[in-house]
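Quick note: the coordinates plus some simple rules give every number you see, no bench work behind them. These numbers were taken from a predicted model, which means no experiment stands behind them. All Cβ positions, glycine included, derive from the backbone under ideal geometry; neighbour counts span all protein chains shown.
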Amino acid sequence: MTEGKVYFVGAGPGDEGLITVKGQKAIEKADVILYDRLLNPKLLEAAAFDCELIYCGKTPYTTGISQGEINELLVSKALEGHRVVRLKGGDPAVFGRVGEEAESLKDEGIPFEVIPGVTSSIAASMYAGVPVTHRDYGRSFAMVTGHDQTKKDIDWNGLVSIDTVAFYMGVANLPSIRENLINHGKPGNTPALVIQWGTYGRQESVEGTLDDIVERVSGKSLGNPAITLVGDIISLRGKLQWFEKKPLYGQRFLVARTGTAKSALAEALYELGGEVIEFPKWNAAKVKIEESQLLAFLSYDRILFTSPESVHGFLDSLTEQAIDFRRISSKLYVLSRKSKKALQQRGLTAELKSGIPEAGTLLVVGDRNRDLRDPAHGDGDYIQSIAKFVDERFLEIFPRMLDGKAVGTVLFSNRHSVDMLMQYGNKADVDVEALLKQASIGVIGESTGNRLQDYGFTSDMMPKEPSVEQLVDLIVNRNVC
C-alpha cells in the first residue's frame with residue numbers, strides 16, 4: 001500500500017488570491033481535503049474531481065465535528081494511503097490547532113508537512129488600511145486569542161506595553177478585553193479597530209477608541225469572524241485605505257456559470273473589489289472521436305462551436321490523432337467571444353454565429369449529449385467533442401457560500417446560465433426564486449433576458465452590446481448620478 005501523508009495548508013484569510021503557490025499545488029494534488037468553515041470555498045475548485053471533500057466546520061454556537069474526530073479522520077485517511085490536505089483558514093500555526101493535529105499523526109508514525117498561510121490579523125489589518133508595524137507608530141506587535149475572557153494566562157501587563165495588539169475572534173469578549181486593557185494601564189483614547197470578514201468583499205470595519213469601541217461595534221451588529229486591533233498605528237488608516245475604496249467594495253455578486261474556465265465577468269468584478277460567488281461548478285471529460293470521423297468532419301463547409309470546451313475538445317482530438325490543424329478548410333463560427341478567443345489561442349480564426357451564411361453543410365460541435373443540443377444552434381449535423389457536467393460536490397457547499405451578507409446582484413451570461421442556476425440551485429436546497437426577488441439582476445443580452453422572463457423575472461441591467469465590459473460598466477455606474 002502507498003504510504004499516506006498529511007499536508008497542513010494555510011488557506012489565508014478569505015481573498016482567494018492570498019493562497020500560497022505551494023498551498024495551491026497541495027490542493028490540486030490532494031486525494032482528500034478536510035476543510036474549515038472560515039476558508040473561501042472557491043479554493044476547493046482547484047481540487048481534482050475525484051478528491052473527497054470533508055467539511056469540518058464549527059460555528060460559535062454549534063460544536064460540529066469534534067477535534068478528536070478530525071484527528072481520527074486525518075489518521076485513518078492517511079493510513080489508507082491517501083494524500084490528505086488539512087485546509088485551514090489563515091495560518092495553521094496561528095490559533096489553528098496544527099500542533100494538536102500533527103501530534104496525533106506523529107503518534108501513529110504518519111509523515112506530514114506544514115505549509116504556512118497568510119494570517120488573518122496581518123492581512124485583514126492591511127486590507128482595512130492599517131499596517132501592523134511602522135517605524136513611527138509601532139515597533140512591536142502581538143497576536144492574542146480573544147475567545148475566552150476567563151483565561152488567567154493572558155499577560156495583560158505585558159500586552160499594554162505592546163504597540164499594536166490583534167485579538168482573534170474576540171467580538172463577544174470585547175467588553176472584557178477593553179476593561180482589562182484599560183485597568184492595566186492602556187489609555188482609554190487608544191485607537192481601536194474591529195474588522196469583520198477581513199479581505200472578503202463583504203469586509204466591514206468599525207473604528208473608534210477603547211473608550212467607545214464596544215458601543216460602536218454593537219451599533220453596527222458586527223460579530224465573528226473578526227479581528228480587533230488596538231494601537232496608535234490605526235491613525236494611519238485614513239491615509240492608507242485602499243481595499244475599501246475599490247468601486248465595488250461591499251457588494252456581493254452571484255454569477256451563474258456555464259463553463260469550466262474562469263469567468264471573465266467574475267474576475268472583473270473581483271478586481272474591482274466585489275465579492276463573487278460562482279455557481280454551479282463544472283468539470284469536463286474527454287469524448288473519444290475516431291480518426292475517420294474527424295477526417296470526415298473536416299469536409300464540412302461550416303463548423304459552429306457552442307463553447308470554449310467544445311473548441312478544446314475538438315482540437316485536442318485532432319492532436320491526439322496527429323491530424324494537422326491546417327487541414328481544416330471549413331469556415332469556423334462560434335457563439336461567444338470566449339469561444340473565439342479559445343480558437344485564437346490555438347492559431348485559428350472564427351466569426352460570431354450572427355454572421356453565418358445559410359448555404360453549405362454545417363457541423364455543430366458541442367459539449368452536451370446529442371439529445372440535449374439546443375435547436376437554436378442550427379439544423380446541421382452534431383458531434384459532442386467533450387462531456388461537460390456539473391460538479392455535484394459543490395451542491396452541499398453552495399448554501400454555505402451564501403451565508404452572511406445577502407447577495408445584492410445576480411448575473412447571467414447566456415440563456416443556459418439561467419436554466420443551470422434554477423436547476424442546480426434548487427437541487428442544492430437554495431430558494432433561487434426568493435434570492436432573485438431580493439437582488440438586482442443583470443443579463444448579457446436580449447436572448448438571456450428573454451429566458452429569464454420565462455421564469456417570471458425581468459432584468460434590471462442589460463448592456464447595449466452583449467459584452468462583459470459593458471455589463472461591468474453598467475454595474476459600476478448604476479449608482480452614479
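Here are some notes:
- Ellipticity at 222 nm from helices only: DSSP H runs of n ≥ 4 in the chain, each -39500 (n - 2.57), divided by the residue count, give -8500 deg cm²/dmol.
- Pairwise FRET efficiency - A261 versus S299, Cβ, R0 = 25 Å, nearest 0.05: 0.25
- Kirkwood radius and radius of gyration were both taken over the C-alpha atoms of segment 345-437, and their ratio Rg/Rh is 1.08.
- In sequence order, calculated HN-Hα J values of segment 94-108 (Karplus, 6.51, -1.76, 1.60; Hz; x Gly/Pro): 10, 6, x, 6, 5, x, 4, 6, 5, 4, 5, 6, 4, 4, 9
- Inter-centroid distance (Cα atoms) of segment 76-111 relative to segment 254-269, Å: 33
- Residue (of G188, G250, L304) at the positive-pole extreme of segment 174-306, dipole from beta-carbon charges: L304
- Those lysines that a straight Cα-Cα span of less than 18 Å connects to K22, excepting residues fewer than 8 apart in one chain: K5, K42, K88
- Using alpha-carbon coordinates, inclination of helix 308-320 to the longest axis of the chain, degrees: 70
- Relative contact order, percent, the chain [alpha-carbon distance under 8 Å, six or more residues apart]: 11
- Reach of K286 by Cα under 14 Å, taken over aspartates and glutamates that are not fewer than 8 positions away in the same chain: E309, D316, E320, D367
- Once the chain from S140 to E271 is taken as fully extended at 0.36 nm per residue, the excess over their C-alpha distance is 43.9 nm.
- Efficiency of FRET from Cβ geometry, D374 and D50, R₀ 30 Å, rounded to 0.05: 0.50
- Beta bridges per DSSP with both ends in segment 1-124, % antiparallel, nearest 5: 10
- Calculated FRET value between N477 and N450, using beta carbons and R₀ = 30 Å, to 0.05: 0.75
- When the convex hull of its Cα atoms is viewed from all sides, segment 176-229 shows a mean projected area of 3.5 nm².
- Around T409: net Lys/Arg minus Asp/Glu count, Cβ-Cβ under 10 Å: +1
- Placing unit charges on the Cβ atoms of the charged side chains and taking the dipole of the chain about its Cα centre, the candidate lying farthest along the positive direction among L39, Y333, A123 is Y333.
- For segment 33-110, the gyration tensor built on C-alpha atoms gives an oblate shape. Its axis ratio a/c (a ≥ b ≥ c) is at least 1.5, and a/b is not larger than b/c.
- Listed residue pairs exceeding 29 Å between alpha carbons, taken from K220/K245; K288/K353; K29/K281; K29/K353: K29/K353
- Antiparallel DSSP beta bridges within the chain, as percent of all bridges there, nearest 5: 30
- Extending 7 Å from the Cα toward the beta-carbon at both Q67 and W156 defines two label points whose distance is 2.5 nm.
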